[in-house]
1. Taking the condition of being modelled with pLDDT of 90 or more and among the charged types (D, E, K, R), how many residues in the range A:94-109 meet it?
2. Say whether the condition of being part of a loop (DSSP other than H, G, I, E, B) and surrounded by fewer than 18 Cβ atoms within 10 Å (Cβ to Cβ) is met by at least one residue in the range B:455-476.
3. Could you identify the single residue in A:365, A:392 that is touching a Pro at 6+ places or on another chain (Cβ under 6 Å) and either more than 24 Å from residue A:479 (Cα to Cα) or not in a helix (DSSP H, G or I) (or both)?
4. Just one of the numbered conditions (1) surrounded by fewer than 19 Cβ atoms within 10 Å (Cβ to Cβ); (2) within 14 Å of chain A (Cβ to nearest Cβ) is not true of residue B:50; which one?
5. Would you call residue B:415 in a loop (DSSP other than H, G, I, E, B) and surrounded by 14 or more Cβ atoms within 10 Å (Cβ to Cβ)?
6. Which numbered condition trips up residue B:155, out of (1) part of a loop (DSSP other than H, G, I, E, B); (2) under 30 Å from residue B:468 (Cα atoms); (3) not assigned by TED's automatic domain parsing to the domain that holds residue B:87?
7. How about the range B:220-241: which of its residues are over 23 Å from residue A:41 (Cα atoms) and either modelled with pLDDT of 95 or more or within 12 Å of chain A (Cβ to nearest Cβ) (or both)?
There are 2 protein chains.
Amino acid sequence: MSELFEKLQPHLDKAYAYRVAMTMLNWDNSTAAPKEAIDFTSKAMAILSGENYKALINDVVKGLLQQLSTDEENAKLTPYEKAIVKNMKKEFRNMELIPPEELQAFEIVLAKAYPVWEEAKNTNNYSIYAPVLEEIISYTKRFAGYKQKPGQKLYDVLLDEYEEGFTMEILDEFFCQLREALIPLVAQIRKKPDWISIDCLRKNYDIETQKKLSHFLAEYIGFDFNRGVMAESAHPFTTNLHNHDVRITNHYLENKLEDAIFSIIHEGGHALYEMDIDDAITTSPIGGGTSMGMHESQSRFYENNLGRSMEFWKPLFGKVCEFFPEELKDVTLEEFYKAINYAKPSLIRTQADELTYSFHIMIRYEIEKMIFDGDVDVKELPRIWNEKYEEYLGMTPENDAEGILQDMHWAGGSFGYFPSYALGSAIAAQLFHYMEGVMPVKKYLEEGNLVPVREFLCEHIHKYGGSKNTQELLLDTVGEAFNPKYYIEYLTEKYTKLYEL
Amino acid sequence: MSELFEKLQPHLDKAYAYRVAMTMLNWDNSTAAPKEAIDFTSKAMAILSGENYKALINDVVKGLLQQLSTDEENAKLTPYEKAIVKNMKKEFRNMELIPPEELQAFEIVLAKAYPVWEEAKNTNNYSIYAPVLEEIISYTKRFAGYKQKPGQKLYDVLLDEYEEGFTMEILDEFFCQLREALIPLVAQIRKKPDWISIDCLRKNYDIETQKKLSHFLAEYIGFDFNRGVMAESAHPFTTNLHNHDVRITNHYLENKLEDAIFSIIHEGGHALYEMDIDDAITTSPIGGGTSMGMHESQSRFYENNLGRSMEFWKPLFGKVCEFFPEELKDVTLEEFYKAINYAKPSLIRTQADELTYSFHIMIRYEIEKMIFDGDVDVKELPRIWNEKYEEYLGMTPENDAEGILQDMHWAGGSFGYFPSYALGSAIAAQLFHYMEGVMPVKKYLEEGNLVPVREFLCEHIHKYGGSKNTQELLLDTVGEAFNPKYYIEYLTEKYTKLYEL
């Protein structure tokens, strides 16, 4: 190890410890903590966040990073070390620009926002959430302003944080292509509303049995319960203390079996990415997935490209029937396959079908643009939300709980995050297309053997953690930069066939 | 607030945050963390422990504490602030003497010891645990040596950490009195082995229903689930992030109903103490219970003085029958009361009856004395353990799992802790005796009204947290220093009556 890099190590170690502690407290906050804990707990979280800041953003680290960036010193580094230095310089710049006391104050706001959002959602009361949301937006704008480069648009600052280099210009074009292809496709499907029946998913599916099924499915796709935990939360999510402690949650609806099934496969896809990261970089700043878009590509890959294919369910459907022998006794694999791919405009993003999902993202993208690239009153957002749903999906939410209150992201301060869901699907399709060319993916699925697929992803993407960015990973894996055409082709082919259009 | 004390605040805040983080990770480690997480998680815990050390043990804090101890400056402090300074000076002395890198290394050993102990217990394999235990003892001896005052015995250093001022001299005398009173009492009871039947507790009690009953009982004694969490672990324990997030665990045995019942009442007693602490000191170093002995007095008070009384069950037994209508349909309150007070020498401390419990403590006390005040080979401990059980309780464990491996304490580095269990019972009896003189405790219990009892404990003991020590609390509450005679009288009277001796 370079002598100079060694001097960086204690700073990295501290940051790792704070990250583990904060992740743990956040996880607990969403899955287990008692209701009245938050005031005193968030005080501790704010202090940890401040200490984390101080561990990384100080003159010693700045000096070390500068020295490590000289050609002579940089040449002495291993590829991982180079990536760590690069990552830290970016992080340093981003954090250096935000005064630590503002960051701490923001952490407190965020810690308190989650339960407020949860209550607002449960009681369908946007008005108690609006002031908190406004405060979060105000902080986010201020922080983005600090980071803004000359000529850079405010919302592009946010987008760049989740997916390096993906600006409004690129995303406008991406969504435009999607719209052009999908609007006519959805219109055709709308003409055949009864082509697929989803009755088989709408029975009374016992929640406890759904939990057992979720556990089974997570394990089936490769989630290692010796290195992971599954729990319940309002909205499914994945987090990790490190690559040997990866945690997923699920939620359960008695009469929507597909919800728990595809949420757990989705979160499981995220989890596999984290579990596969090279132990050599676990505790370093590049010890996690490289970006939101790439992360989402892995969850979508498992959820949709694998999980909603006929081949995936061939060896598996019998197993599902064992969990619900009564409910599924007269259901054929064919019926089940069609039901889980039923496409119909709907109101809830996380329950949207694979085809209309992108519209939900477009709506959020456009609203975020209005917030950060335009000027909009937070109180007006529910109205705007509802109007856009009417425009794109032909339906208006009956209340805010099934409207603007459905996602936790904004309550967590995540703006610019949503587009990565759509990017993720597109990347997943691009990877899937390539993999089908180099290995018999569908045959493996039919055999119930997910190992070669996992190994490919591990070898080409997962293990690298944050040491390569999305474009680098794509180029090195499929030999081509990001290209949305595979996604559009995939959806068009799949739904044309499914609906016999 | 004193200007000088204000300068101490950021150091206290940091220590609070680290304490919350470490408590959280420890809790998770025992209740939820996946098996293979520990190596990377313990690295983070060790770093946090080191940072906690640095936050409190540094020249700035030392200087502040010295200044705050001068008559002039000390006079400006509130009683709480004075108590904080006093507590910190003691803590400072204790920590200053241990090199931080040794403390960090010890934390790593401890984090890894828990799963090793658990596996050793589960597989009845002392040999995999022995080297870890030896390492823990070696660290503990070294640390106690650092703290040892001239003429002070090594084991007295450890005892003092858990209960200020309680030395081997005092404990030898205490246990001697207990032995003299209890050995003949137990001998008399042994002559009537069939006087009480415990058949009613030995049926197949469904575990899930036991969990619900535990939840109900915790709530019944006042555990507030808006400020607390209940989970499952190998051995029941209580911990807290702060006084608004107090956590208890339980464990369940299908054919030993009393185990879950009294474990949850016991841990609930600990939890009430923490929940009742004044919010003004929550985040400070005196924001927890004052000592292990006083803590144990509260858990024992609820478990035994209240929980094993006839009056406690009068309004409650019918409720328990609702949880287990089949199993308890032919059982009378009288039979239940006798069964939960059945006294018989046994091998497992946590399942011991109220009367013979002290013998388990005596055995551990004597072994700890041999380890720290004498010289003994760790490999020999199972043999010594078994011989002592034969001597005091007339029975030998069949294997180490029901022998020396039963407790997690030593794996957690807690030596000198066990005696506080016996002290706790004695303090509980002293408090109970006094309270019966000032309020109709038994009448309240019969009415199912535990509020006045809780309020008394809150007002006189709980709310003060660590701002008064055990002797101060006792003097201010009952007007008398610690006196074991009430405990001996209580046991003698109770069991003489129960067994009609």
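1. 1
2. Filtering the range B:455-476 down to residues part of a loop (DSSP other than H, G, I, E, B) leaves B:461, B:468-469.
Checking which are surrounded by fewer than 18 Cβ atoms within 10 Å (Cβ to Cβ) leaves us with none.
There is no residue in the range B:455-476 that is part of a loop (DSSP other than H, G, I, E, B) and surrounded by fewer than 18 Cβ atoms within 10 Å (Cβ to Cβ).
3. Numbers: A:392 fails: touching a Pro at 6+ places or on another chain (Cβ under 6 Å).
Result: A:365 is the single residue among A:365, A:392 that is touching a Pro at 6+ places or on another chain (Cβ under 6 Å) and either more than 24 Å from residue A:479 (Cα to Cα) or not in a helix (DSSP H, G or I) (or both).
4. Residue B:50 satisfies every listed condition except (1).
5. Working: in a loop (DSSP other than H, G, I, E, B): yes; surrounded by 14 or more Cβ atoms within 10 Å (Cβ to Cβ): yes.
So residue B:415 passes the test.
6. All conditions are met except number (1).
7. Correct list: B:220, B:221.
Conditions tested, residue by residue: (1) charged (D, E, K, R); (2) buried (at least 19 other Cβ atoms within 10 Å of the Cβ).
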position	(1), (2)
B:1	no, no
B:9	no, no
B:16	no, yes
B:21	no, yes
B:28	yes, yes
B:35	yes, no
B:42	no, yes
B:45	no, yes
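The values are calculated or read from the model by the stated rules, or taken from the named source; none is laboratory data. Computed from a predicted structure; not experimentally measured. Using ideal geometry, Cβ is built from the backbone for each residue, glycine included, and neighbour counts are taken over all protein chains shown.
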